[in-house]
1. Out of every Cα pair in the chain, what percent are spaced more than 20 Å from each other?
2. Find the centroid of the Cα atoms in segment 179-220 and in segment 38-75, then give the distance between the two in whole Å.
3. If you take the square roots of the eigenvalues of the alpha-carbon gyration tensor of segment 35-146 and sort them as a ≥ b ≥ c, do you get rounded (a/c under 1.5), prolate (a/b over b/c) or oblate?
4. Once amide H atoms are built 1.01 Å from N in the peptide plane, which residues 5 or more positions from ALA112, or in another chain, come under 5 Å H to H?
5. For ALA2 and ASP124 in the same chain, what is the full-extension length gain: residue separation times 0.36 nm, less their Cα-Cα distance, in nm?
6. Tell me the relative contact order for segment 35-151 as a rounded percent, counting alpha carbon contacts under 8 Å between residues six or more apart.
7. From Cα pairs below 8 angstrom and at least 6 apart in sequence, can you work out the relative contact order of the chain, rounded to a whole percent?
8. When the convex hull of the Cα atoms of segment 112-208 is projected onto a plane and the area is averaged over all directions, what value comes out in nm²?
Amino acid sequence: MAVQIAPSILSADFARLADEVAAVADADWIHVDVMDNHFVPNLTLGLPVVEALLKATPVPVDCHLMIEDPDRWAPGYAEAGAASVTIHVEAASAPIRTLREIRAAGARAGLALNPGTAVEPYADLLTEIDMLLVMTVEPGFGGQPFLDVVLPKIRRARDLIKGRDLDVWLQVDGGVNTETIERCAEAGADVFVAGSAVYSADDPAEAVRSLRARAARASG
Ligand code: DX5
Ligand code: ZN
C-alpha cells in the first residue's frame, strides 16, 4: 500500500495560496476544503478559487466538498480539472449518480463519512468510488484533536475494501499529525490529509516528508 500525503490548504495563508502550494511541491495531493456555512458552520472557498489553484500548481488537487447539495455542485469541480472530488454521504441525495458523474468527468470519486456515520450501510457503494474518506474530526475546522474513537471504523473500512478485493484508497482527515498518523496507518489508511501539521510547521516540505516516513513505517 503506497502512502500518500495531502496537505490541506485550510491552514495555509489564503492571501498567498500559490506560494503555499509551491511550498509543498513534493506532496501527492493538494487537499482543498470547500465549506458552505450550511453543511458545516464554516465558510471557505468555492469553484473560482479551485480554478485559480489548478492553474497555480502541477500537484493534483483533491476537493473535499463539505457542502449541501453536492449532487448539484460536485461534477463542476471534476469538469474544472480537480483530479479527485469527494462528497459527503450525509449531504448527497443521489450519491451513486453523482459519483458516476464525477468519474465521467475524468476525476477520481470519493465518498466521505462523518465520525458518527457508520461505514457498513455504504459497503455496496465501494464499487462506485476510488477513495473512502473517514473523517477523524467533525468537519468544519482545522486544528481539532484527533478522534481515536474512529480508529475501529478505519479498520472495518479497510476490511470491507479488502474483502471485496477493491482498489479503493482509504483517506483520513482531521487531527492527523506526527503523533496520530501511525495509528491511522496501522488501522489501514493510506491517504493522509494534514492541515495544521503541515502549515503550522516552520518547514512545510519537511513536515510532509516526516509524515510520509512515519506513515510508511507504520503501514509496513
Ligand atoms: C476539516 C477539514 C480538514 C482540515 C484538517 O473539516 O476537512 O481537511 O483542514 O485540518 P487539521 O489537519 O489541522 O486537523
Ligand atoms: Zn478536508
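What follows is calculated from the coordinates using simple rules that are stated; it is not laboratory data. Just so it is clear, the model here is predicted, and its values are computed rather than measured.
1. The calculated P(r) of the chain puts 53 percent of pairs beyond 20 Å.
2. Each part's Cα centre sits 23 Å from the other's.
3. Taking the square roots of the gyration eigenvalues as a ≥ b ≥ c, segment 35-146 is oblate.
4. Correct list: ILE87, HIS88, VAL89, LEU133.
5. 41.5 nm
6. It comes to 21 percent, rounded to a whole number.
7. 21 percent
8. Numbers: hull surface 24.5 nm².
For segment 112-208, the mean projected area of the Cα convex hull comes to 6.1 nm².
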